[in-house]
Amino acid sequence: MRPRTLPRAVLAVTAVAVLTAALLSAGAVRRSTVAQASAATPGAHDVIVHLFQWPWRSVASECTGVLGPKGFGAVQVSPPQEHVVLPGQGYPWWQDYQPTSYQLTSRRGDRAAFASMVNTCHAAGVKIFVDAVINHMAGGASSGTGSGGSSYSHYAYPAVPYGNDDFHHCGRNGNDDIVNYGDRWEVQNCELVDLSDLKTESSYVRGKLTGYLNDLASLGVDGFRIDAAKHMPAADVSAVVSGVSGSKYVYQEVIEGGSGEPAPEEYTGIGDVTEFRYGDVVGNAFAGGDLSGLNSLPAQMRLSSGDAVVFIDNHDTQRNGRAKLTYQNGSAYALAEAFMLAYPYGVPKVMSSFTFSNSDAGPPAAGDGTTSTVSCGNGWQCEHRMRTTANMVALRNTAAGTGVTNWWSSGSNQIAFGRGSAAYVAFNRSGSALTRTFQTSLPAGTYCDVMAGDATGGSCTGPAYTVNGSGQVTATVAANGALALHIGARGTGGTTPPPAGCPAVAVSFAVNATTVWGENVYVVGNTAALGNWNPANGVPLSSATYPVWRGSADLPAGTTVQYKYVKRNGDQVIWESDPNRSRTTSSSGSCSETWTDTWR
């Protein structure tokens, strides 16, 4: 969580030893003790989707129309409590992480809309996990009226009520901010970038926090992500959550840091913990194309599988540069997400974003900052709806409880493995198609490749493959593509498997285009992959190498494609000048290309 515009301290992943003793200091000491274990789990369907900044009515609609039918287990929703409102800063996303009270009125909706969302999602078989901000209140630079109408000022939040004595005043470094992240006492007693740090060792403060979580539990909330957990001793977190009624799934944000910092293992007795190494290791593998080392993935992690929540990217790492892959990386990101769902380690959390070029930008919104209804492709990225993610949820659910079998690797950029007798997957990060006979443990039969199509009523909308009596299947995996078979998606009558060569070409677009603040660049064209000329469905390009904007799309091989670049700023769309650009993708040889252009 990055709550303010000031840069958050860089948390280098350097320590691997478990910290076993708290550093004690004179004064108000916050001591870590062993926390009581939590028996709650995310459930049999364990895939969490983070619908980042989605309003409550849109979450409810998604549960009914997409998440329930696809088998997602839970939604992580953004903080529902009253927060600061910052029109002068363009209503940034992080304003929601600065509470002013615990009433349930945010820019995403009010208490009634929240309760209705929980009930609707439950009816669809989907749980609700709340991003719970309990380490701090709003920053000292803020005062005024919150999203629910409550007044507040620094160290004074009368709607709770909290006053000056309910906060830490560490008095170090000439102010109250954390400066030395290697000093445990500072990390847990000083302010995280000017945010009023709650005195969580206080029984009064603990009671208020537990009361807030119990209020959410009374509305049916199934669990909590504890934001900024490392900034509170494990004993304090345990004391707050242990008073919550019912069995709730708890997972905690603990970013692994250096020597002297609180360690992730200190919090595993309370619930699961975010494993930040996962996105680094898996993201690097799919970004660089060397997948062979992923068979030893558990040994490369800090936490055991039973303690970890994993992700390729989250709302922070997308914006602070830590994520190795995001939606802006196209097929490499899609394949990494699919691998996360296929491989049995940790509880997977899928990111569903809104598009951005300014890392502080808030979600699509009305003029008063109220979040707009989600419309995928209109500022909302909706990665979880990609077939390569959505269809893999059923594979994960089908293969639950099974381990990795029949591992195969080319030694570099191609791997395949089974999940017992329930599923089999293959990943190809090379520039050419992979055709081979794979050894699986699947029962004999015909299976739909759910990475390339759907299984509907016993037939396949995409390729269908036959597994023989020895568990062998001969298949072609497209360049920068994947294959996924499972016993819950059998069928015949699908399309012919793609031929060897280039069934698809991974095209990297690079356009030199100058923009003004708020503008983003997209590529649109006459194919579905380029939005069929609809700017709302175009491929977003990244400004990471500005003024060159980059992005990628998988286009049909041997096909002439017409396309243009557009600049979008809210509802305003600026098209390049005519004529349309035209290129023909390769039908043989390399299955990846780069198209370099200059805006005209």
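The values are calculated or read from the model by the stated rules, or taken from the named source; none is laboratory data. The shown structure was predicted, so the numbers you read here are calculated from the model rather than taken from an experiment. Every residue, glycine among them, receives a Cβ derived from its backbone with ideal geometry; neighbour counts consider all protein chains shown.
Of everything in region 521-539 that's touching a Lys or Arg at 6+ places or on another chain (Cβ under 9 Å) and surrounded by fewer than 21 Cβ atoms within 10 Å (Cβ to Cβ), which residue is nearest to ILE574 (Cα to Cα)? By that ranking, first place goes to PRO535.
Whenever a residue of region 348-364 is over 20 Å from TRP549 (Cβ atoms) and at pLDDT 95 or above, its partners that are in a loop (DSSP other than H, G, I, E, B) and aromatic (Phe, Trp, Tyr), lying with C-beta atoms within less than 6 angstrom and at least six residues away or across chains, give the pairs LYS349/PHE311; GLY362/TYR91.
Of the residues that make up region 173-185, is at least one assigned to a strand (DSSP E or B) and in contact (Cβ under 8 Å) with a residue 24 or more places away in the chain? No - not one qualifying residue is present in region 173-185. The residue that is surrounded by the most Cβ atoms within 10 Å (Cβ to Cβ), among those in region 549-600 that are more than 20 Å from ALA504 (Cβ to Cβ) and among the aromatic types (Phe, Trp, Tyr), is TRP549. Against the condition out of contact with any Asp or Glu (no Cβ under 7 Å at 6 or more places or on another chain), among the aliphatic types (A, V, I, L, M), farther than 23 Å from VAL240 by Cβ and surrounded by 24 or more Cβ atoms within 10 Å (Cβ to Cβ), how does MET137 come out, does it pass? Spelling it out, it is not the case that MET137 is out of contact with any Asp or Glu (no Cβ under 7 Å at 6 or more places or on another chain), among the aliphatic types (A, V, I, L, M), farther than 23 Å from VAL240 by Cβ and surrounded by 24 or more Cβ atoms within 10 Å (Cβ to Cβ).
Could you say which residue among HIS45, HIS50 is in a loop (DSSP other than H, G, I, E, B), of a type outside the set (D, E, K, R) and within 28 Å of GLY346 (Cβ to Cβ)? Don't jump to the end; show me each part of the working.
Numbers: HIS50 fails: in a loop (DSSP other than H, G, I, E, B).
Exactly one residue qualifies, and that residue is HIS45.
Taking the condition among the small types (Gly, Ala, Ser) and under 18 Å from TRP93 (Cβ atoms), does ALA336 pass? Judged against the criteria, ALA336 is not a match.
Checking PRO80, PRO55, PRO99 one by one, the residue that is crowded, with 23+ Cβ neighbours inside 10 Å, touching a Phe, Trp or Tyr at 6+ places or on another chain (Cβ under 7 Å) and either over 22 Å from SER143 (Cα atoms) or at pLDDT 95 or above (or both) is PRO80 and no other. So, in region 78-109, of the ones that are assigned to a helix (DSSP H, G or I) and more than 24 Å from the chain's Cα centre (by Cα), which residue ends up farthest from GLN53 (Cα to Cα)? Out of the qualifying residues, it is GLY88. The residue pairs whose first member lies in region 529-543 and is outside any helix (DSSP H, G or I), whose second member is crowded, with 16+ Cβ neighbours inside 10 Å and of a type in the set (S, T, N, Q), and whose beta carbons are closer than 6 Å, counting only pairs six or more residues apart or on different chains, are PRO540/THR355; SER542/GLN328; SER543/SER357.
Out of the residues in region 110-149 that are assigned to a loop (DSSP other than H, G, I, E, B) and among the hydroxyl-bearing types (Ser, Thr, Tyr), state the one that is nearest to the chain's Cα centre (by Cα).
Keep residues of region 110-149 that are assigned to a loop (DSSP other than H, G, I, E, B), which gives 110, 124-126, 133-135, 140-143, 146-149.
Now restrict to residues that are among the hydroxyl-bearing types (Ser, Thr, Tyr): 142-143, 147.
Working: SER142: 29, SER143: 31, SER147: 26 Å.
Among those that are assigned to a loop (DSSP other than H, G, I, E, B) and among the hydroxyl-bearing types (Ser, Thr, Tyr), it is SER147.
When you check ASP290 against the structure, is it over 22 Å from TYR181 (Cα atoms) and acidic (Asp, Glu), yes or no? Spell out the reasoning first.
Values: over 22 Å from TYR181 (Cα atoms): yes; acidic (Asp, Glu): yes.
Criteria met by ASP290.
The residues of region 553-600 that are part of a strand (DSSP E or B), small (Gly, Ala, Ser) and either at pLDDT 90 or above or out of contact with any Leu (no Cβ under 9 Å at 6 or more places or on another chain) (or both), listed by number, are SER582, SER592. The single condition among (1) touching a Cys at 6+ places or on another chain (Cβ under 6 Å); (2) closer than 19 Å to ARG385 by Cβ; (3) not acidic (Asp, Glu) that ALA529 does not satisfy is (1).
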